[in-house]
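> For reference, the structure I am asking about is given below.
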Amino acid sequence: MQPEDKDAALLPRRINGRWALIHRPVGPISAHMWISYSSDLRDWDGHKKILEARFGGWWDANKIGLSAPPIETSEGWLVIYHGVKQNAAGVIYRLGLALFDLNEPERCLKRGDEWVFGPKEPYEQHGDVDKVVFPCGYTLAADGDTIRIYYGAADTSIAMATGSVQAMLEWLMKQD
């Protein structure tokens, strides 16, 4: 992979006999989410851009990247991703949702136009890097629906948010 490449996670199972890696190479102007495939976890090919950062006034303009690993659902791979918007006051990191095909994970089925989680509490607003929520992992409860998302807050604290995978999917399906 190229020198600056981050926000990566393997899908938890092989797709058509190959491992799939979602990652974010960084370009000179913006950063988008890509997928690459490997048979041996050493050599990667089939690089494809799967989700682009938007431009202009969007909440996820300039830079996006994977947050926690994708969640396999009956509807597809549910992806919680972070979007970065730069303005005169600095940057703000918020979270959005996208859904990708189970067997062709490079194919985006649905992407929300709005963000679903952003810095609100004082410990998310102020710290080493202000206005940041950035999940890196989650656990699913035995019911298969309750999700506990562990996230960095303002690069100073670690916090946990609880939600519902089904509610996230329902919200995403209602988006235009």
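The values are calculated or read from the model by the stated rules, or taken from the named source; none is laboratory data. Here the structure is a predicted model, which means the values were calculated and not measured. Here the Cβ positions follow ideal geometry from the backbone for every residue, glycine too, while neighbour counts run over all protein chains shown.
> Among (1) closer than 26 Å to THR139 by Cα; (2) among the basic types (Lys, Arg); (3) touching a residue at least 40 places away in the same chain (Cβ under 8 Å), where does LYS48 come up short?
(1)
> Output the number of residues of segment 38-81 satisfying the condition of being farther than 19 Å from MET173 by Cα, part of a strand (DSSP E or B) and not hydroxyl-bearing (Ser, Thr, Tyr).
Looking only at that region, the number is 11.
> Only residues that are within 19 Å of the chain's Cα centre (by Cα), of a type in the set (S, T, N, Q) and surrounded by 14 or more Cβ atoms within 10 Å (Cβ to Cβ): list them for segment 135-163, please.
Once the filter is applied, which keeps residues that are within 19 Å of the chain's Cα centre (by Cα), of a type in the set (S, T, N, Q) and surrounded by 14 or more Cβ atoms within 10 Å (Cβ to Cβ), segment 135-163 yields only THR146.
> I would also like to ask the following. Looking at segment 126-174, which of its residues are in contact with a strand residue (DSSP E or B) (Cβ under 9 Å, 6 or more places away or on another chain), more than 28 Å from GLY90 (Cα to Cα) and part of a loop (DSSP other than H, G, I, E, B)?
The answer is ALA141, ASP145.
> Tell me which of these ASP7 doesn't satisfy, since it passes every other one: (1) in a loop (DSSP other than H, G, I, E, B); (2) under 22 Å from MET168 (Cα atoms).
(1)
> Among the residues of segment 98-110, how many are of a type outside the set (D, E, K, R), farther than 13 Å from ALA53 by Cα and in a strand (DSSP E or B)?
Selection size over segment 98-110: 4.
> Any idea which of (1) under 21 Å from ILE158 (Cβ atoms); (2) at pLDDT 95 or above is the one ALA98 doesn't satisfy?
Unmet for ALA98, out of (1) under 21 Å from ILE158 (Cβ atoms); (2) at pLDDT 95 or above: (1).
> Of all residues in segment 25-65, count the ones that are of a type in the set (Lys, Arg) and more than 21 Å from VAL116 (Cα to Cα).
Just the residues of segment 25-65 that are of a type in the set (Lys, Arg), to begin with: 42, 48-49, 54, 63.
Checking which are more than 21 Å from VAL116 (Cα to Cα) leaves us with 42, 48-49.
Total satisfying the criteria: 3.
> Do we have VAL91 as surrounded by fewer than 20 Cβ atoms within 10 Å (Cβ to Cβ), among the hydrophobic types (A, V, I, L, M, F, W, C) and either in contact (Cβ under 8 Å) with a residue 12 or more places away in the chain or out of contact with any strand residue (DSSP E or B) (no Cβ under 6 Å at 6 or more places or on another chain) (or both) here?
Spelling it out, VAL91 is indeed surrounded by fewer than 20 Cβ atoms within 10 Å (Cβ to Cβ), among the hydrophobic types (A, V, I, L, M, F, W, C) and either in contact (Cβ under 8 Å) with a residue 12 or more places away in the chain or out of contact with any strand residue (DSSP E or B) (no Cβ under 6 Å at 6 or more places or on another chain) (or both).
> Further question: Is it the case that some residue within segment 106-126 is farther than 24 Å from ILE149 by Cα and either free of Cβ contacts under 8 Å to residues at least 60 places away in the same chain or basic (Lys, Arg) (or both)?
yes
> Of the residues in segment 105-134, how many are buried (at least 17 other Cβ atoms within 10 Å of the Cβ) and more than 15 Å from the chain's Cα centre (by Cα)?
Residues in segment 105-134 being buried (at least 17 other Cβ atoms within 10 Å of the Cβ) and more than 15 Å from the chain's Cα centre (by Cα): 5 in total.
> Continuing with this model, one more query. For ILE71, indicate whether it is surrounded by 21 or more Cβ atoms within 10 Å (Cβ to Cβ) and in contact (Cβ under 8 Å) with a residue 60 or more places away in the chain.
In short, no.
> Taking ALA154 and the conditions (1) touching a His at 6+ places or on another chain (Cβ under 8 Å); (2) on the phi < 0 side of the Ramachandran plot, which numbered condition does it fall short on, given that it satisfies the others?
(2)
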